[in-house]
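Colleague: Let me give you the structure first, and then I'll get to my questions.
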């Protein structure tokens, strides 16, 4: 497919166009489907998440520099919650990454999920498929929020980094979003601040609940100061170790099966949505007491 | 329907049971469908959202006390992002509401959305329908996270309170989650702290972008110190004013049509999901390069 070939040759506009097709759940993506599948499984997807203020963008930027130093092509997919009214993705601190804007080996994109019924959870695996097929060696999947959708999305990465900063709220606040459980590597960023030992102790206490064993990965805790680059080498090593472990243990394959499974379900839902009846009219009839909601839902699916 | 009648008579176990049916997307809910519809439109649903630490639980608790003082029955639905691995909703600071635990006019429940394909966005309107039918006068819909799902859910309320605290990060951080646009009332909590004028100024600046007009609601800004109860009366007045405005302007009806519309789409998806084929097997075939993802998605929907 022409678009995929152009993207693989390094044309960022072709990559951007493919991602726009994903974002709007365009049927035109179907034409690229076989071409996308022909080039799959190369990219290592690194998820990056954590509460606002822990330094996700700075870590992402540091990782871009490090992988570029190894000659690898790097894509960044920033998953922004879109406003339900403006429909726009807030670019926010994307500006911090402008240092990489002129590097042809780096592709950066913020993504919302306007067209998708299944939201980000459905759109993200398709976007990862596109970036993988476009020939990137590393894809950094950064989430801006830490809500349910965002946790679900970042959990689809091959290696998940959960960022914390010392002294930033107690563990309970962080645990609320359910992000601790998805960590493959914990990153305590801003590690030049006070409170690092307490944060490490909290994490170790939590990790001790994990019984461990031969085939169990215990997430390492890496300390970084992303603004100075301190600890970034340790972080790269930890990611490499997890990558190797997950490859040999079969965990990587399992995770990718799940990712494709969600992708297929998301695509199937998009297909189904196009065939659903008019819910607005039925909703008015439910409010008027003319039809009960379950029957209305059945009517909606009648013509599938 | 027996369960709905028992719930309306004030049996909290019956209400809890109905919500469990929603949470697990149980087909048994269909039996209650007509009974639920027979008692709709009474409850006023107040959405409460804001970044962690602004005092959502404390405001919720203060509102419970205030409405109970008016003799109203109050339900609280706390929407927690559930961990994708444990499947459990983190109860977190629900404990702060234990003061109301022995009050029979108050029902408090944390909710995840395990069974729902459409996630919280699909489960929430059904849960609101249940609480409305169970005879509550006020339903407080509190979101724990501020991700895309959570914003979508709280946007379904009749009146949306967006909480801020002075000096808590800049406006951009808050705007990221897209929550400013859904506010019907802004609440600056912890208003005894420094930085209130700056927060008010930021909000006024943003609101000034709104052209206003006859049929346009300009969200008022209310200052509270929820721990002492200061400003709670002002908050109640602001909610009442919005309720009256939205009733007369037709905005309330429009919002409820949209809520039911999402509910119907969510129920329709749950029906469809039960009929989808096995995505796991197809996912393995996609990874093996045997079938392209779009074709696999079509196969998934084949037997609908």
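Each value in this text was obtained by applying a stated rule to the coordinates, not by laboratory testing. Everything quoted here is computed from the prediction, not taken from an experiment. Cβ: placed from backbone, ideal geometry, glycine included. Neighbour counts: every protein chain shown.
Colleague: From the C-alpha coordinates alone, can you work out the Kirkwood hydrodynamic radius of region B:1-73, in Å? All intermediate terms of the calculation are to be shown ahead of the outcome.
Modeller: Details: mean 1/r = 0.0688 Å⁻¹.
Result for region B:1-73, one decimal place: 14.5 Å.
Colleague: Same structure, new question: Averaged over A:31-38, how many beta carbons belonging to a partner chain fall within 10 Å of each residue's beta carbon? Working shown, then result.
Modeller: Numbers: counts 1, 2, 8, 6, 1, 3, 10, 2.
So the per-residue partner count for this stretch is 4.
Colleague: Oh, and also: Let me see the pair-distance distribution of region A:176-304: every alpha carbon pair, 5 Å bin width, integer percents in order.
Modeller: Calculated P(r), rounded to whole percents: 2, 8, 11, 12, 12, 9, 8, 7, 6, 8, 10, 6, 1, 0.
Colleague: At residue A:217, with labels set 7 Å past Cα in the Cβ direction, how many nm apart are the copies from this one, shortest first?
Modeller: For residue A:217, the inter-copy label distances come out at 4.7 nm.
Colleague: What does the copy distance list look like for residue A:249, label position 7 Å along Cα→Cβ, in nm and ordered from shortest?
Modeller: Those label-point separations list as 5.4 nm.
Colleague: Separate question: Every other copy gets compared here: list the nm distances from the residue A:41 label point (7 Å along Cα to Cβ) to its counterparts, shortest first, one decimal.
Modeller: 5.8
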